[in-house]
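As structure tokens, the structure follows; a few thoughts come after it.
The values are calculated or read from the model by the stated rules, or taken from the named source; none is laboratory data. Remember, it's a predicted structure, so these values are computed and weren't measured experimentally. Counting neighbours? That spans all protein chains shown, and the Cβs are built from the backbone with ideal geometry, glycine included.
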Amino acid sequence: MSNYNYNFSINITEEDLDHNFLLEYLNEKSKEFSINPNRVTLEILENISSDSGKNHLKQLTYIKKAGYKIAIDDFGTQYSNFERLLDLDIDYLKLDAKYIKNIDTDKKVKILWNQ
């Protein structure tokens, strides 16, 4: 990616955060490959922010302060805590497809989005 100017995403697992190495590793690789952190979005599942509490939230806060973006992937499939969205200061919210699939024909989905 260092030869291109594209933004890109990396999926982050709960295990990545459990080992408490992520920010150091991301900074090391960003420097090694001359990639500005603001080009990188880290995608997490919503359970990551709720299962392990403060340690994961603290790491994600430091990662965000370092310039990386945070996205919650497949929102609505697990714990769906809207308060957690405020805690994380996320950049992107990726809804699970079931909430928008058939939005033009499914009455229940239309009601969700006030259509």
Within the range 3-12, residues being surrounded by 11 or more Cβ atoms within 10 Å (Cβ to Cβ) and not aliphatic (A, V, I, L, M) number 3
Just to be sure I understand the filter: pairs with C-beta atoms under 6 Å, separated by 6 or more residues or on different chains, first member in the range 63-79 and more than 17 Å from residue 21 (Cα to Cα) and among the hydrophobic types (A, V, I, L, M, F, W, C), second member outside any loop (DSSP other than H, G, I, E, B) and at pLDDT 95 or above. Which pairs pass? 71/41
For the range 43-55, check the following and say yes or no: at least one residue is assigned to a loop (DSSP other than H, G, I, E, B) and either under 18 Å from residue 89 (Cβ atoms) or modelled with pLDDT under 95 (or both). yes
Name every residue in the range 19-40 that is exposed (fewer than 15 other Cβ atoms within 10 Å of the Cβ), at negative phi and touching a residue at least 12 places away in the same chain (Cβ under 8 Å), in order of residue number. 33, 36, 38
Could you tell me whether the range 89-105 includes any residue that is surrounded by 17 or more Cβ atoms within 10 Å (Cβ to Cβ), at pLDDT 75 or above and part of a loop (DSSP other than H, G, I, E, B)? yes
Filtering the range 1-27 down to residues that are over 15 Å from the mean Cα position of the chain (by Cα), in a loop (DSSP other than H, G, I, E, B) and among the polar types (S, T, N, Q) yields 2, 3, 5, 20
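Considering 24, 14, which residue is modelled with pLDDT of 95 or more and over 18 Å from residue 91 (Cα atoms)?
24 is the lone residue from the list that is modelled with pLDDT of 95 or more and over 18 Å from residue 91 (Cα atoms).
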